[in-house]
Amino acid sequence: MSNQVRKVKNVHFDTIAAISTPMGEGAIAIVRLSGDEAVQIADRIFRSPSGKRLNEEQSHTIHYGHLIDPSTAEIVEEVMVSLMKAPKTFTREDVVEVNCHGGIVAVTRVLQLVLKQGARLAEPGEFTKRAFLNGRIDLSQAEAVMDLIRAKTDRAMNVALNQMEGKLSRLIGGLRQALIETLAQVEVNIDYPEYDDVEEMTIPLMIEKSTWVRNEIDELLKTSSQGKILREGLSTVIIGRPNVGKSSLLNSIIQENKAIVTDIAGTTRDIIEEYVNVRGVPLRLIDTAGIRETEDIVERIGVEKSRKVLKEADLILLVLNSSEELSIEDERLFEVVSGMDTIFVINKTDLPQKIDMQKVMEHAGTGKVVTTSLVKDEGVDELEEAIAGLFFEGNLESGDFTYVSNARHIALLYNARATIEDALAAAEAGVPVDMIQIDVTRTWEILGEIIGDTVQDGLLNELFSQFCLGK
Amino acid sequence: MPKFEAGTFDVIVIGAGHAGVEAALSAAKMGATTLVLTMNLDMIAFMPCNPSLGGPAKGIVVREIDALGGAMGKVIDKTHIQMRMLNTGKGPAVRALRAQADKVLYQSEMKRLLEEQENLLLHQGVVEELIVEDDEIKGVLTQVGAIYRAKTVIITTGTFLRGEVIIGDLKYSSGPNNQMPSIKLADNIRELGFDMVRFKTGTPPRVNSRTIDYSKTEIQPGDDTAWAFSYETTEFITDQLPCWLTYTSPRTHELINENLHLSPMYSGMIKGKGPRYCPSIEDKIVRFADKSRHQIFLEPEGRNTQEVYVQGLSTSLPEHVQKQLIASVPGLENAEMMRAGYAIEYDAIVPTQLWPTLETKRIRNLYTAGQLNGTSGYEEAAGQGIMAGINAASRALGKEERVLGRADAYIGVLIDDLVTKGTSEPYRLLTSRAEYRLLLRHDNADMRLTEIGYQIGLINEERHDAHIIKKQQIEEEIIRLRKVTIKPTSDVQDIIRETGGSELREPMKAADLLKRPEINYSQIERMVPPEEKKSKEVEEQVEIFIKYEGYIEKSLQQVDKMKKLENKKIPDNIDYNAISGIASEAKSVLSEVRPLSIAQASRISGVNPADISILLVYIEQGRIAKISG
C-alpha cells in the first residue's frame, strides 16, 4: 500500500515559514508558509487588485498582488501567491507560497514580514517532517527518516552545545538571568506573602527591569547582521597604500554588479561609497584615502575619517601590491586590520612578483587571500566568491559587538521584544504583577529558545536538516 | 497468630489522615463499600505540624477538593479560629484563602463525617501485610490476624512507614507525635518490590500561651470579611482568634551557631532529604547568615487549649537548646515549652511508580496517596486522597477512571508532577508549578470542577443546579456588558472621576470600560444596572473574565497546544529499548515512568526533545505498519 494516503489527523500546531529557494541571486524567490494559519497570515499582508481575500479563493490557484507591511501600510513587494489548502498539499496542511523578486533583500523582507505576522521560522527539514507526521510519507520513507534521526542526534547535540558558547549566548544568558531573578522575586512574593525576607517586586521595579531587557534586545537587534545589512548593506572598506589598485578594485566590482541602492549621500573628498549586490550579498563599498602617517593637514583629516570608517566596517578588503615588497606601511595596515574580518587582495599579479607571500599568509591567518590582476580583469570572480562565502557561511564576526546572524535568532528576538513590550504596557496600565509575570516568563522562554535552553518540542527538528530547508 | 476472615469490601483505605479521609469519604459516597483501617481512631485527620490550612496554591486545592465533593473545605469552615485572604494586593490568580484551624475540633468534625457516612466502616487496626496474588491486590492482613478482602486498596500511611523521630542525638522509632510507627507494612511494601526513598520533615516546639508576653509581639488578626472554603457553607464563624508575629533575636542566632554541632541535621545523623521551602531554624541561620532576624509567627492550636505553635522555629536541636532558643525570642522569654520540636524521617514511595490515577504500576488495584507519595502538606495529601478514592471506587464499581489535567486543577499539576517527574524532596505545591495559574484560580474552582464532581456522583443535584445557574448568569452578564454602551453622561463621568480615571470622550461598550484598571464591576453596575442584581460570586467571575480576557485567552491557547500533544497517546505495549534512536538515559526513564501521552513524556526530566521527535516518528511508524498489515 506504499503510497496510500492515510487518514491520520494532522498533528501539528503552529504555522511555519521559510525561504524555499536557494539563497543568493535568482529571478524569483519563494517564501513558503504551512500550517493552520498560513492563509490568515498571508491575508494580513496580501492585497490583490480585486480586493478579494485569499481565504475566499479556490484552492490550488495563483494570485497576483502586493504585500503590504500592516504596521506602516507601505507596499513591500509585488508578488504572485500560490494558494494550496489542506489536505492535498506537501505537508497536508494549508500551504501558501509567496513568489517574490529574487535576491536576499527582497526575500528576507518577505520572510520577516510573515514572521512578524505570527509565523514561526521553520527549522531545517521541518516541512518534510510535517509531511511525514501528517501521513504523507510511507513506511519505507519513514524508516529512512528514523535512520536519519539516529545518525544526526549527536550532531544536533553538538550544534546546540556550540550555540551555547560565544558572545551571543552570554548576552542572552545575562538577560535571562535578570528576568529569572525578577520572576523568582515575584514568585516568592506570591507563594510566601507574609515573609519579609524578600523585597516586594513592585510595578516600578518590574518596569525598570523590563525596560532594561527591552533596550538590550533592541541593541542586539540593531547589531543583527541581517537587519543591519538589509538597512545599509554590509559595510566593506577597501584599504591599501596609494596606487595598489583600490579604485580599480572598486570599479571592477561596481561594473560587474548592479547597484541596488543609489540615493544615499555621504560621498566625501576622501571616502567614496557605492552600493552593490555581490552574489546576493548587499555591500556598501567604501574606498578610503590611504592610511599612513602624514604631515599634510588636509590629508590627515581624510585619514582620521578612514580610521573611523574602518572601525565600523563589517568586512575589509586589504589591497597589496604583488610587484613590490611589503613596506612598513603595509605592516601597519596588517596591524590595523588584525582581529577584523579581512580578505587580502594581492593585486598586480601580471607584474613580476616581489611580495613575500609567506609573510602575507602569516598575517592573514584564517583570513582569505585572493590574487588578482585588475588590469587583466582576473581574480574578481574569486574575490566575489570569497565575499559571498564569508556571508553565507556566517563567518563574519565583528570584534566590537555581537552579530545576531541567524534568521531564527532574529525572529525569536522580535518575539521576545514583543512579549516584553506587552509586559511593559501591562505594567504601565497598572495590571497586577502576577499577570505581567506571564509575559515576562514568556520572554524568558523565548530567549531560552535562542540559546537552546528551554526548547520545548522541537530542537530535534534539526535532525531533519538533511532535507533542504523549505522543501 | 491464627488468621480469620473479617469481611469483604469494594475499597479498603489504610490510614485516616488527610489523604485517607478524603479517599474513604469519596469512595463511600460513590457507592463503594469502604473500610477504613487506622491504628488509632483518635488520630483521624490529625494535624501533626502547623495548625493551618490553605494559603497560596494549597488554598486553591482545598477549594478544588470541595468542588469535587470532598470534605476538607466544609470541615475547616466549621472549625477554624481565623481566616485571611492572602495576596489581595495582587491579581486574582494568586489570591488565596488561609485558615487557622482548631486542631481538635477539626479532627472530631472529620471523625463525625466518617462515622455518619453510609457504606463506610471505620475500624481501628494495624495493617501489617498486603495480600497480593498475581500482581493484583486482594486484601490486607492486620496485626490480630484479621483478613479483610477488597477489590481495591488505598495506602495512605503518611510519615508512619519506618518513621523515626530525632531530637538532638536521640533517635527512636516512632510515627509523628509519638504515635506507633508502621514497620511491618513498610517492610512488606519493600518486599513487594517498590522503590522507596527516605525523606525528612520537622516541626517546631509548642509553648503555653499563658506564659507569652504578647505585648512584645505584633497582632495578626483575621479578616473582617467572612470567608469560606466550601461553596456550600452558609454559616460563617465571626469570633476569630488572632495570631502574633515576633522575630528571632541576635541571641537566637548565637545559640544556633554555638550548638550547631548538636544538630542532627549537621552531625550527619539525619540522612533523609528535607524540603528546601520549609527550612529548620538551623538551616535558615546557617544558609542566610547575613540576615539579622527571621520572622516567628505564634499560632494558637485551638480554642480550647493554651498550646501555641511557634512557626519559624522548626528544629531538631536537643530539648535543652530548644528551651534556650525559645527564651531568646522577644515575647517568649518566659514561655513554657509544652512539646519540643523534632525531625522525623520516614519511607516514601518513589511516585513515578504510579499511574496518573494513583494506582501502582506494579500491583493492580493498589493505590497510594498522600505524604507516602513524597508530598508534604495536608492539602496535597487530601487532593491525592480524593482522586485515589474516586479511582479506586471507580475500578471496584466498574466505572471510568478520572485524571485531572494540568489545566484543570492544581490537584492535576500535583499528581502529574509526582508521577511524571518524581520528587527529590518532600513535594510542596507552589503556584509557580502551574503553567496555567491564571486559569487555576481559587475563585473559579467550582466552575472548573463541579461538573466533574457531579458526574462522579460526589456533588448532589441541588448543588449542581445552583452551579448551572451561576454559570448561565456569568455568561449572560458578560454578553450583556459586551453589548451595552456607556455614554459619557454627567452621571457616568462622576462615577469615573470617583475612581480617579480619565473621563469618557465618546460612548464605549461596558466591557471595554471595565478593562480599565481603575474600574471595577460595581461602578459598571451603577452606570448600566442589570435587570436583576447578581450575586457577589457572579459579579466576581464577570469582572475577572472581562478584565483579564487577553491573558486568559493566551493561557487557553497554550492549553490547546498542550492538549494536542496530550491527545497523542503512547501505546501501552511500547518497548522503549527497541527504539534505537532514543538516548539510553531517556530509554530508562521512559521505561520507568511509562508515560501515557507524548505531552507527559516531554515533561519527564532526562527526556530531551530529540527523544520526543524519535518517539513521535516511531509511533507514527507503528501506525503505518498497522495500516499496511
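The values are calculated or read from the model by the stated rules, or taken from the named source; none is laboratory data. The shown structure was predicted, so the numbers you read here are calculated from the model rather than taken from an experiment. No Cβ is skipped: glycine too gets one built from the backbone with ideal geometry, and neighbour counts run over all protein chains shown. To get the accessible areas, we keep the full protein, side chains included, count just its heavy atoms, and leave off ligands, DNA and RNA. Shrake-Rupley method; radii C 1.70, N 1.55, O 1.52, S 1.80 Å.
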Which condition does B:H294 not pass, out of (1) away from chain A (no Cβ under 14 Å); (2) within 18 Å of B:Y214 (Cα to Cα); (3) buried (at least 16 other Cβ atoms within 10 Å of the Cβ); (4) in contact with a strand residue (DSSP E or B) (Cβ under 7 Å, 6 or more places away or on another chain), if it passes all the others? (1)
Which residues, taken from region B:452-463, are open to solvent by less than 20 Å² (accessible area, probe 1.4 Å) and not hydrophobic (A, V, I, L, M, F, W, C)? B:G453
For region B:393-440, which positions are farther than 19 Å from B:S605 by Cα and in contact with a strand residue (DSSP E or B) (Cβ under 6 Å, 6 or more places away or on another chain)? B:A393, B:R395, B:A396
Pairs with Cβ under 8 Å, 6+ apart, first in region B:596-619 and within 14 Å of B:K569 (Cα to Cα) and more than 11 Å from chain A (Cβ to nearest Cβ), second in a helix (DSSP H, G or I) and polar (S, T, N, Q): B:Q600/B:T420
Please identify the pairs in which a residue from region B:519-546 that is more than 23 Å from B:Q493 (Cα to Cα) has its Cβ atom under 6 Å from the Cβ atom of a residue that is part of a loop (DSSP other than H, G, I, E, B) and open to solvent by less than 20 Å² (accessible area, probe 1.4 Å), counting only partners at least 6 apart or on another chain. B:E540/B:D443
Residue list for region A:83-103, restricted to those being part of a loop (DSSP other than H, G, I, E, B) and open to solvent by less than 20 Å² (accessible area, probe 1.4 Å): A:T89, A:T91, A:E93, A:G103
What about A:G118, is it modelled with pLDDT of 70 or more and within 14 Å of another protein chain (Cβ to nearest Cβ)? yes
Is there a residue in region B:275-288 that is open to solvent by 40 Å² or more (accessible area, probe 1.4 Å), more than 25 Å from B:Q371 (Cα to Cα) and either assigned to a loop (DSSP other than H, G, I, E, B) or within 14 Å of another protein chain (Cβ to nearest Cβ) (or both)? yes
All conditions in (1) at pLDDT below 95; (2) open to solvent by 10 Å² or more (accessible area, probe 1.4 Å) are true of B:A57 except (2)
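Each row is one residue, and each column tells you yes or no for (1) within 17 Å of A:A119 (Cα to Cα); (2) open to solvent by less than 30 Å² (accessible area, probe 1.4 Å); (3) out of contact with any Pro (no Cβ under 8 Å at 6 or more places or on another chain).
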{"position": "A:R44", "(1), (2), (3)": "yes, no, no"}
{"position": "A:G51", "(1), (2), (3)": "no, no, yes"}
{"position": "A:T61", "(1), (2), (3)": "no, no, yes"}
{"position": "A:D69", "(1), (2), (3)": "yes, no, yes"}
{"position": "A:E74", "(1), (2), (3)": "no, no, yes"}
{"position": "A:E77", "(1), (2), (3)": "no, yes, yes"}
{"position": "A:V81", "(1), (2), (3)": "yes, yes, yes"}
Could you count how many residues in region B:551-573 are more than 26 Å from the chain's Cα centre (by Cα), surrounded by fewer than 18 Cβ atoms within 10 Å (Cβ to Cβ) and more than 9 Å from chain A (Cβ to nearest Cβ)? 6
Hits in region B:216-233 - residues which are surrounded by fewer than 18 Cβ atoms within 10 Å (Cβ to Cβ) and under 24 Å from the mean Cα position of the chain (by Cα): B:D223, B:A226, B:E232, B:T233
Sole residue being touching a Cys at 6+ places or on another chain (Cβ under 7 Å) and in contact (Cβ under 8 Å) with a residue 12 or more places away in the chain, chosen from B:L298, B:L260, B:L325, B:L317: B:L298
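Checking the condition at pLDDT 65 or above and either crowded, with 20+ Cβ neighbours inside 10 Å or in contact with a Cys (Cβ under 6 Å, 6 or more places away or on another chain) (or both), which residue from A:E194, A:E181, A:E126 passes?
That would be A:E126, the only listed residue that is at pLDDT 65 or above and either crowded, with 20+ Cβ neighbours inside 10 Å or in contact with a Cys (Cβ under 6 Å, 6 or more places away or on another chain) (or both).
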Kindly indicate which of B:V593, B:V542 is more than 28 Å from B:A93 (Cβ to Cβ), surrounded by 18 or more Cβ atoms within 10 Å (Cβ to Cβ) and away from every other protein chain (no Cβ under 13 Å). B:V593
Could you list, in sequence order, the residues of region B:520-539 that are buried (at least 20 other Cβ atoms within 10 Å of the Cβ) and either among the hydroxyl-bearing types (S, T, Y) or closer than 20 Å to B:A93 by Cα (or both)? B:Y521, B:V538, B:E539
Which of the residues belonging to region B:76-85 are within 14 Å of chain A (Cβ to nearest Cβ) and open to solvent by 10 Å² or more (accessible area, probe 1.4 Å)? B:R84, B:M85
Residue among B:R95, B:R149 that alone is farther than 30 Å from B:H261 by Cα and within 14 Å of another protein chain (Cβ to nearest Cβ): B:R95
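Residue by residue through region B:437-457, note down the ones that are under 16 Å from the mean Cα position of the chain (by Cα) and more than 13 Å from chain A (Cβ to nearest Cβ).
Matches in region B:437-457: B:A445, B:L449.
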Can you tell me which residue is farthest from B:H253 (Cα to Cα) among those in region B:312-361 that are of a type in the set (D, E, K, R) and under 21 Å from the mean Cα position of the chain (by Cα)? B:E359
Where the second residue is part of a helix (DSSP H, G or I) and at pLDDT below 90 and the first is within 14 Å of chain A (Cβ to nearest Cβ) and lies in region B:422-433, which pairs have Cβ atoms under 7 Å and are six or more apart or on separate chains? B:L430/A:D191; B:T431/A:I190; B:T431/A:D191; B:T431/B:V94; B:S432/A:E187; B:S432/A:D191
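Pull up region A:421-432, narrow it to residues that are out of contact with any Asp or Glu (no Cβ under 8 Å at 6 or more places or on another chain) and open to solvent by less than 20 Å² (accessible area, probe 1.4 Å), then point me to the one that is modelled with the highest pLDDT.
If we take residues in region A:421-432 being out of contact with any Asp or Glu (no Cβ under 8 Å at 6 or more places or on another chain) and open to solvent by less than 20 Å² (accessible area, probe 1.4 Å), then A:L424 is modelled with the highest pLDDT.
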Of (1) free of Cβ contacts under 8 Å to residues at least 24 places away in the same chain; (2) open to solvent by less than 40 Å² (accessible area, probe 1.4 Å); (3) among the charged types (D, E, K, R), B:R206 satisfies all except one. Which? (1)
